[in-house]
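K.L.:
Pasting in a structure now, in structure tokens, and then I'll have a few things to ask.
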Amino acid sequence: MSRRGLNILVLDDDTDVMEGLTMLLESWGHVVVSASSPVEMLLKADRLGRAPDLVIADYRLQNGTTGAQVIS
């Protein structure tokens, strides 16, 4: 089963990490929507046109929120 072409959401409040991960995933042929906050992620998620195949979220986000909380 090929893993190329997945729709992936990336959530990280560290811009360098978010951009680096996005570039890497895109270079592997995936469609990536990245965001630096949960609100931004929800607004941008519609760009995928369907549910994401994968969500990659930093565990420690601003304001004491965790990536696990955002995903659930």
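The values are calculated or read from the model by the stated rules, or taken from the named source; none is laboratory data. All values derive from a computational prediction rather than experimental measurement. All Cβ positions, even for glycine, are placed from backbone atoms using ideal geometry, and neighbour counts span all protein chains on display. Remember, those area values only see protein heavy atoms, side chains included, never the ligands or the DNA or RNA. Shrake-Rupley method; radii C 1.70, N 1.55, O 1.52, S 1.80 Å.
K.L.:
Of the conditions (1) modelled with pLDDT of 95 or more; (2) closer than 19 Å to V70 by Cβ, M23 fails just one. Which one is it?
P.N.:
The single condition M23 does not satisfy is (2).
K.L.:
Are there any pairs, at least 6 apart or on different chains, whose C-beta atoms fall under 7 Å, with the first in the range 14-41 and in contact (Cβ under 8 Å) with a residue 24 or more places away in the chain and among the aliphatic types (A, V, I, L, M) and the second open to solvent by 70 Å² or more (accessible area, probe 1.4 Å) and outside any strand (DSSP E or B), and if so, which?
P.N.:
Within 7 Å, the pairs are V32/E26; V33/R47.
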